[in-house]
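The values are calculated or read from the model by the stated rules, or taken from the named source; none is laboratory data. In this text, all values refer to a predicted model and were calculated from it rather than measured experimentally. Because the Cβ atoms are built from the backbone with ideal geometry, glycine has one as well, and the counts that use them run over all protein chains shown.
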Amino acid sequence: MRKALIAGNWKMNNETEKAVSLVNDLKTELKNVEDREVVVCPPFTVLKEVKKVICNSNIFLGGQNMYWEKTGAYTGEISPLMLKDAGCDYVIIGHSERRIYFGETNEFVNKKVKAAFAYNLIPIVCVGETLTQREKGDAFKVVEKQLREGLDGLKIEDFRKLVIAYEPIWAIGTGKTATPLQAEEVHKFIRELLENMFVGKSEEIRILYGGSIKPENISVLMACKNIDGGLVGGASLSADNFIKIVKFI
Ligand code: PEP
């Protein structure tokens, strides 16, 4: 039985005061939640402050990105070791905004995923197609390439801990959510592909949906067989909305 996971991706939002206030609210309101996992992914600058609030709580900390090297002359980058040091257990890898604005390739994603496991971080690996790719009928092909190349060479014991987030790019921050049918179709495809890559392990892997999740649409999405949680952007900036999303039933 896969435990549902709801992760909030704050993106480039929230300085210290707002961040601390937001997680204080989450900590209080979500303290009795046991049957699902909650992760917040704040910007690097507030990771430690957020960790101070959520240590001894049921909320986990995640980074939004990282480089694959441990240390060295990589100006502006953050290493897996640094994320661990800040208290992270999770890290988002290959978000479409990283792929589009910062040129991240599947090869980068693969190096980052391997580095995350090497430092005991659970990667939330993002995949998803653009609107043009979907309209051309290429959604499955694009997602398959992202997964085959991004997850190439993973160890079987790591593979089981992996989290995938299917985030159709046309649904991110646009207010357009994939219908449960559209989302489930791709989630099912992803699970079958994962089974093909790592026989016998795909049932253990959590596949999150991401793209304009709101309190109003989370329940129908979570009712789908292969949707195991959500990666939430905009709505995770409001304590009220994020709490409602976490408590989806
Ligand atoms: C995201 O950034 O991962 C995301 C899904 O954003 P939003 O919920 O705002 O569409």
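The residue that is farthest from the ligand (Cβ to nearest atom), counting only those in the range 116-128 that are buried (at least 18 other Cβ atoms within 10 Å of the Cβ) and assigned to a helix (DSSP H, G or I), is Phe117. Being more than 30 Å from Asp25 (Cβ to Cβ) and small (Gly, Ala, Ser), is that true of even one residue in the range 48-62? No, that holds for no residue. Being of a type outside the set (Phe, Trp, Tyr) and either at pLDDT below 95 or not in a helix (DSSP H, G or I) (or both) is true for just one of Lys141, Lys214. Which residue is that? Step by step, each of Lys141, Lys214 is checked, and only Lys214 is of a type outside the set (Phe, Trp, Tyr) and either at pLDDT below 95 or not in a helix (DSSP H, G or I) (or both). Can you say whether Asn32 is in contact with a Pro (Cβ under 8 Å, 6 or more places away or on another chain) and part of a loop (DSSP other than H, G, I, E, B), as far as the supplied structure shows? No, not satisfied. Filtered by the rule that a residue be assigned to a helix (DSSP H, G or I), crowded, with 21+ Cβ neighbours inside 10 Å and in contact with a Cys (Cβ under 7 Å, 6 or more places away or on another chain), the range 164-199 gives Ala183, His187.
Taking residues in the range 206-228 that are closer than 13 Å to Thr177 by Cα, and partners anywhere that are among the basic types (Lys, Arg) and outside any loop (DSSP other than H, G, I, E, B), the pairs with Cβ atoms closer than 7 Å and at least 6 places apart or on different chains are Pro215/Lys244. The set of residues from the range 90-111 being out of contact with any Gly (no Cβ under 7 Å at 6 or more places or on another chain) and either closer than 20 Å to Ala178 by Cα or not in a strand (DSSP E or B) (or both) comprises His95, Glu97, Arg98, Arg99, Ile100, Tyr101, Phe102, Gly103, Thr105, Glu107, Phe108, Lys111. When we screen Gly200, Gly175 for residues that are of a type outside the set (D, E, K, R) and either closer than 19 Å to Lys112 by Cβ or within 13 Å of the ligand (Cβ to nearest atom) (or both), the only hit is Gly175.
Using the structure shown, decide if Lys161 is in contact with a Phe, Trp or Tyr (Cβ under 9 Å, 6 or more places away or on another chain), in a loop (DSSP other than H, G, I, E, B) and free of Cβ contacts under 8 Å to residues at least 60 places away in the same chain. Taking the combined requirement at face value, the residue satisfies it. Here is a check on your reading of the model: is Glu69 outside any helix (DSSP H, G or I), farther than 25 Å from Ile172 by Cα and among the acidic types (Asp, Glu)? So Glu69 passes the test.
Does the range 131-145 include one or more residues that are in contact with an Asp or Glu (Cβ under 8 Å, 6 or more places away or on another chain) and closer than 25 Å to Ile78 by Cα? Scanning the range 131-145, I find no residue that is in contact with an Asp or Glu (Cβ under 8 Å, 6 or more places away or on another chain) and closer than 25 Å to Ile78 by Cα, so the answer is no. When the range 204-249 is filtered for residues that are among the hydroxyl-bearing types (Ser, Thr, Tyr) and either more than 13 Å from the ligand (Cβ to nearest atom) or out of contact with any strand residue (DSSP E or B) (no Cβ under 6 Å at 6 or more places or on another chain) (or both), the ones remaining, listed by number, are Ser212, Ser219, Ser238. Mind listing just one residue for me: the one in the range 129-172 that is small (Gly, Ala, Ser) and within 13 Å of the ligand (Cβ to nearest atom) and, of those, nearest to the chain's Cα centre (by Cα)? Restricting to residues being small (Gly, Ala, Ser) and within 13 Å of the ligand (Cβ to nearest atom), the top hit is Ala165. Flag: Val53 matches the condition of being buried (at least 18 other Cβ atoms within 10 Å of the Cβ), outside any loop (DSSP other than H, G, I, E, B), of a type outside the set (S, T, N, Q) and over 20 Å from the mean Cα position of the chain (by Cα).
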